[in-house]
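Participant: The following block contains the structure, expressed as structure tokens.
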Amino acid sequence: MKRGKKGAKDPGVIVLTTIVCAILLMVIGFPLYGLLSSAFAPKGLEVLARMVTDPVNHRIIGNTMLLGLVVGVTGTLVGFLFAYAQVKVKFRGKRALHLLAMIPIVAPPFAVATAVITLFGRNGAVTNGIFGWQADIYGLPGLTLVLSLSFFPVAYMNIRGMLESLDPSLDEAAAGLGASKLRVFFTVTIPMLVPGLAGSFLLLFVESIADLANPLVLGGDYTVLASRAYLAVTGEFNMQAGAAYSLTLMLPALLVFLVQRYWVSRKSVVSITGKPAGATEQISAPSIRIPVLVLVGFLAALIVSIYVTVLAGGFVKVPGVNNEFTLAHYQFVLAGLGSKAMIDTTILALIAAPIAGLLGMLIGWLVVRKLKRASGLIDFVGMLGLAIPGTVLGIGYLITYNKPVNIFGLQVFPALAGGSAILAGAVAIVMVYVARSLPSGQRAAVSALQQIHPAIEEASTSLGADSATTFRKVTLPLIQSALLTGLTFAFARSMTTLSPIIFLTTPGIKIMTSQILAEVDSGRFGNAFAYCTVLIGIVLIVILILNVIIRKVVFRGQSHRR
């Protein structure tokens, strides 16, 4: 029986919806409005007009699209290889391979780029040190390598989930009709994975065109829209031009996001029918197993060498040049001038993570259970933190919150961003963290709630509990796994994000990712590697603590089995 959503006239729901709308307006709505206003100001319109007429801008747009396409294809292939080996191929060490594939999620964005320069650059330890080559990895080739290895976990997780849910009886039926393993792969497995492959490609396309850190480190003369917008703001001090470049960057990202959200998600393939299904047969045939494992082994060795370089690079004087042991880099990060960045970043991420996690749960609950007409709009606005490139969001914040916000002549907020802002701009940084981290928790909450029958919450309401009490005492314990996912991702994302933060750091607030970029720019790779290692360590420790707190303290004895 189809149940309608109830709660539109519930005072508790109205209050919670108002609070959610106000927060979304602050963290996404106002910055976007400020960006659009600046982009359509006279200087911004000049830049937008040159986007059509200037060959230089044509090349920048072409570079951006080409980078997105190449990384989208390459990253999806790498993710597919790892997922296929993990689910389908018989071999030992699957847990280690899974952990290896997850490392880029908790690593800062340019840890890979810096390590790749150290290993494979003009004076790289491998290219020049071993083979005597003067390799040039700057530009599109280097960016493709680094971005593919940084973002492929998105494709890996997506495709792995689909492979695990495929009904093995389909393979058995094809094999029973005489099809070879290779024919089954191309005629059964791949067609069933098309939605996952397409969705992964689109997500990687958005991530790669939105990335700012790696083009700054490895781009060379290969300029993309994100780095051009950064140059307009920080080099030319032309905020309206930066807004215009950001708008140009936002349009394809938003378009691809909409395609991924509304088109690919409808192209579902039903593979779980409720009928008994056998276990997935592990492939042991050498004709498939050996090529797949050779490719995955090569990629795994490359990833291991990169992160070993990050770890070891912090203990040598000049990585790749003077490999004498030193603790100076860690002294700088842990007890010297760099320690402020470590403390500031951790505190701000710890403030943002619970806000983003709980807000994601609340939006998911309102969208799935309570709201009817406005549910699609609130769900879409909440997801914009994922769709809008970080560079765009950062410039939007800088334009909007570097002065007091007035509505109808009445000051609503003081300046929140910039050196003269309250708390040295820390409020704007927390807001950006919330906006960027919110979508993962929101999606996890929506998925979890769609699997829980609403009668459980209706029983609470019929016993006299209001909506807020039902959400706190019934819904949250039911979706504690989604809450943990949201908190974990929110903290990791806050600690590792750079694109929006680079516009908002001030002398009073130091952020680790911004400091790592400064160290890389200055050629102090040892300090950068020490920062990266400490940052990864903090993220892993806090994730472990969050797991213990959520499962053993907050929801102790409230686990639910469905």
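The values are calculated or read from the model by the stated rules, or taken from the named source; none is laboratory data. In this text, all values refer to a predicted model and were calculated from it rather than measured experimentally. Counting neighbours? That spans all protein chains shown, and the Cβs are built from the backbone with ideal geometry, glycine included. Calculation scope for accessible area: heavy atoms of the full protein, side chains included, ligands and nucleic acids excluded. Shrake-Rupley method; radii C 1.70, N 1.55, O 1.52, S 1.80 Å.
Participant: Going through V126, V112 one at a time, which residue ends up being at pLDDT 85 or above, closer than 30 Å to T223 by Cα and in a helix (DSSP H, G or I)?
Facilitator: None of the others qualify; the one that does is V112.
Participant: Further question on the same structure: Open to solvent by 10 Å² or more (accessible area, probe 1.4 Å), in contact with a Ser or Thr (Cβ under 8 Å, 6 or more places away or on another chain) and at positive phi: is that true of A424 in this structure?
Facilitator: Judged against the criteria, A424 is a match.
Participant: Condition first: within 23 Å of G124 (Cα to Cα) and at pLDDT below 90. Now tell me which residues in the range 139-167 satisfy that.
Facilitator: None; the set is empty.
Participant: So A83 passes all but one of these: (1) aliphatic (A, V, I, L, M); (2) farther than 26 Å from S165 by Cβ; (3) touching a Gly at 6+ places or on another chain (Cβ under 9 Å). Which condition number does it fail?
Facilitator: In the conditions (1) aliphatic (A, V, I, L, M); (2) farther than 26 Å from S165 by Cβ; (3) touching a Gly at 6+ places or on another chain (Cβ under 9 Å), A83 misses (2) alone.
Participant: Let me ask something additional. In the range 201-252, which residue that is open to solvent by 10 Å² or more (accessible area, probe 1.4 Å), polar (S, T, N, Q) and within 16 Å of L498 (Cβ to Cβ) is farthest from the chain's Cα centre (by Cα)?
Facilitator: Filtering the range 201-252 for residues that are open to solvent by 10 Å² or more (accessible area, probe 1.4 Å), polar (S, T, N, Q) and within 16 Å of L498 (Cβ to Cβ), the one farthest from the chain's Cα centre (by Cα) comes out as T234.
Participant: Based on what the data block shows, is I429 surrounded by fewer than 19 Cβ atoms within 10 Å (Cβ to Cβ), farther than 30 Å from A455 by Cβ and β-branched (V, I, T)?
Facilitator: Details: surrounded by fewer than 19 Cβ atoms within 10 Å (Cβ to Cβ): no; farther than 30 Å from A455 by Cβ: yes; β-branched (V, I, T): yes.
For I429, the condition - surrounded by fewer than 19 Cβ atoms within 10 Å (Cβ to Cβ), farther than 30 Å from A455 by Cβ and β-branched (V, I, T) - is not met.
Participant: Ok, one more. How many of the residues in the range 444-479 are of a type outside the set (A, V, I, L, M), open to solvent by less than 20 Å² (accessible area, probe 1.4 Å) and farther than 14 Å from K370 by Cβ?
Facilitator: Looking only at that region, the number is 1.
Participant: So if I check each of G382, G390, G360, which one is in contact (Cβ under 8 Å) with a residue 12 or more places away in the chain, buried (at least 16 other Cβ atoms within 10 Å of the Cβ), under 21 Å from A492 (Cα atoms) and touching a Lys or Arg at 6+ places or on another chain (Cβ under 7 Å)?
Facilitator: Testing whether each residue is in contact (Cβ under 8 Å) with a residue 12 or more places away in the chain, buried (at least 16 other Cβ atoms within 10 Å of the Cβ), under 21 Å from A492 (Cα atoms) and touching a Lys or Arg at 6+ places or on another chain (Cβ under 7 Å) leaves just G390.
Participant: Among the residues of the range 125-142, are any among the small types (G, A, S), open to solvent by 30 Å² or more (accessible area, probe 1.4 Å) and within 20 Å of the chain's Cα centre (by Cα)? Can you show your working first?
Facilitator: We begin by selecting, within the range 125-142, every residue among the small types (G, A, S); these are 125, 129, 132, 135, 139, 142.
Cutting the leftovers down to open to solvent by 30 Å² or more (accessible area, probe 1.4 Å) gives us 125, 129, 132.
Remaining after also requiring within 20 Å of the chain's Cα centre (by Cα): none.
Scanning the range 125-142, I find no residue that is among the small types (G, A, S), open to solvent by 30 Å² or more (accessible area, probe 1.4 Å) and within 20 Å of the chain's Cα centre (by Cα), so the answer is no.
Participant: Would you pick out the residues in the range 363-374 that are in contact (Cβ under 8 Å) with a residue 12 or more places away in the chain and either under 30 Å from T505 (Cβ atoms) or surrounded by fewer than 17 Cβ atoms within 10 Å (Cβ to Cβ) (or both)?
Facilitator: Within the range 363-374, the first condition is being in contact (Cβ under 8 Å) with a residue 12 or more places away in the chain, and the residues that meet it are 363-372, 374.
Passing the criteria: I363, K372, A374.
Participant: Which of the numbered conditions does L182 fail, given that it passes all the others? Conditions: (1) within 26 Å of the chain's Cα centre (by Cα); (2) open to solvent by 30 Å² or more (accessible area, probe 1.4 Å); (3) aliphatic (A, V, I, L, M).
Facilitator: (1)
Residue-by-condition table, conditions (1) out of contact with any Lys or Arg (no Cβ under 8 Å at 6 or more places or on another chain); (2) touching a residue at least 60 places away in the same chain (Cβ under 8 Å):
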site	(1), (2)
R289	no, yes
V296	yes, yes
L299	yes, yes
S305	yes, yes
P319	yes, yes
L327	yes, no
L337	yes, no
I347	yes, no
L350	yes, yes
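Every residue, every condition in (1) in contact with a strand residue (DSSP E or B) (Cβ under 9 Å, 6 or more places away or on another chain); (2) of a type in the set (A, V, I, L, M, F, W, C), yes or no:
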site: P31; (1), (2): no, no
site: L35; (1), (2): no, yes
site: H58; (1), (2): no, no
site: G79; (1), (2): no, no
site: K88; (1), (2): yes, no
site: L97; (1), (2): no, yes
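Participant: So which of L299, L255 ends up being at pLDDT 85 or above, under 29 Å from L100 (Cβ atoms) and open to solvent by 20 Å² or more (accessible area, probe 1.4 Å)? Before you say what the answer is, go through the steps one by one.
Facilitator: Values: L255 fails: under 29 Å from L100 (Cβ atoms).
Checking each option against the conditions leaves just L299.
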